[in-house]
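Take a look at the structure set out below.
The values are calculated or read from the model by the stated rules, or taken from the named source; none is laboratory data. Just so it is clear, the structure is predicted and the values come from calculations on it, not from any experiment. All Cβ positions, even for glycine, are placed from backbone atoms using ideal geometry, and neighbour counts span all protein chains on display.
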Amino acid sequence: MKRDDSIIVIDPEEFIRDLLGEYFGKLGYQVFPVADIPTALGLITSRAIPVALVDFGISSGRGLASIEQLIQVHPDLQVVVLTGCPTLDSVIGAFRVGVFDLVIKPFRLEDLRRIVEKAMARACAQAVKADLRRRVGELEDIIRRHGLTPPINERHVAEPHETVREASE
Amino acid sequence: MDKYRVLVVDDELLIRDLLYDFFVGEGWDIVVADGGQKACEYLRNQQFDLVLTDLKMPDMDGLALTGKIRSLYPDLPVIIMTGYPSLDSAVTALRSKVADYIIKPFNVNHLFKAAKKAVDEWRQTAGSSAAH
């Protein structure tokens, strides 16, 4: 785990915020406990937080709508939903809006830790992928602007033939 | 843009026929399989943009098939269809990163909308990066 990995805990209950803050803090994560979505939105932007632990009961029963809002504003954020009373509709709704995982209360902190690690790994992989896509896009722009496509393709194709020819000589 | 290509896996002939007619009518290429084993055979030899699979099937259930799909194509969209929904299977499906979990009987227009959304998103992200 990288020491600068951070988690935002969004839960109206102070006890849960404290518990998760202390547990993940001891594991080396930087934890930002907040009680509501508006506070979370600003913090995620300013701190580039990759993972959120969100209580499904946030926003007085409008949890799913709030989680959807969170994901729309921060599509790269990996959201883990914590719920004490899951229903089929809430589970289906959760993955339709794109949550990373859903954990049913009561849960073992050790299990939640494993899920958070997976969420961190996914966030990291997505960031690398996005960066690679951006770089490929930039290279394609340069190639297009300078009309370099044919020489690069020819060289790419020619190399194996040259190797074969040298080997047979 | 290539035609969208979907693999439908269901042991019920009625569902296979219904979806075949509907998706062909929408201009999609569609291949149907009557079970998980047959679906795996198609997946090894052909390319698809989406798999629509029933959950309960005699030879292999939809979640086991999803696991096999993930080992072959980690990002390929999968939609689960089921007449026997449960919290456990929904959570497992969520963890398998399925694109949707549709309860039977379904409105075929809703299913098509979910299918199109899944493929559009996949082509925009994983599809475009794979093309590079």
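Name the residue, out of A:55, A:89, A:76, that is more than 14 Å from chain B (Cβ to nearest Cβ) and either without any contact (Cβ under 8 Å) to a residue 24 or more places away in the chain or not small (Gly, Ala, Ser) (or both).
Working: A:89 fails: more than 14 Å from chain B (Cβ to nearest Cβ); A:76 fails: more than 14 Å from chain B (Cβ to nearest Cβ).
One residue alone meets the criteria, A:55.
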Checklist outcome for this item: Checking A:112, A:132, A:70 in turn, the sole residue that is assigned to a helix (DSSP H, G or I), closer than 30 Å to residue A:5 by Cβ and either of a type outside the set (A, V, I, L, M, F, W, C) or at pLDDT below 90 (or both) turns out to be A:132
Checklist entry - Can you name every residue in the range B:102-123 that is within 17 Å of residue B:49 (Cα to Cα) and either touching a Gly at 6+ places or on another chain (Cβ under 7 Å) or within 11 Å of another protein chain (Cβ to nearest Cβ) (or both)? => result B:114, B:117, B:118, B:121
Checklist entry - Name the pairs: first residue in the range B:1-16 and farther than 17 Å from residue B:38 by Cβ, second residue among the β-branched types (Val, Ile, Thr) and in a helix (DSSP H, G or I), Cβ to Cβ under 9 Å, at least 6 apart or on different chains? => result B:4/B:119
Next on the checklist: Residue under question is residue B:76, and the condition is that it be more than 11 Å from chain A (Cβ to nearest Cβ) and either surrounded by 17 or more Cβ atoms within 10 Å (Cβ to Cβ) or touching a residue at least 40 places away in the same chain (Cβ under 8 Å) (or both); does it hold?
Outcome noted: yes
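Any idea which residue in the range A:116-126 is modelled with the lowest pLDDT, counting only those that are in contact with a Pro (Cβ under 8 Å, 6 or more places away or on another chain) and among the aliphatic types (A, V, I, L, M)?
In the first step, residues of the range A:116-126 are kept if they are in contact with a Pro (Cβ under 8 Å, 6 or more places away or on another chain); the result is A:119-120, A:123-124.
Still in the running and among the aliphatic types (A, V, I, L, M): A:119-120, A:123.
Details: A:119: 96, A:120: 96, A:123: 92.
Checked the range A:116-126; the qualifying residue modelled with the lowest pLDDT is A:123.
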Next on the checklist: Can you report the number of residues in the range A:1-54 which are under 18 Å from the mean Cα position of the chain (by Cα), assigned to a helix (DSSP H, G or I) and under 20 Å from residue A:70 (Cα atoms)?
Outcome noted: 9
Checklist entry - Does at least one position in the range B:2-16 carry a residue that is surrounded by fewer than 20 Cβ atoms within 10 Å (Cβ to Cβ), on the phi > 0 side of the Ramachandran plot and not in a strand (DSSP E or B)? => result no
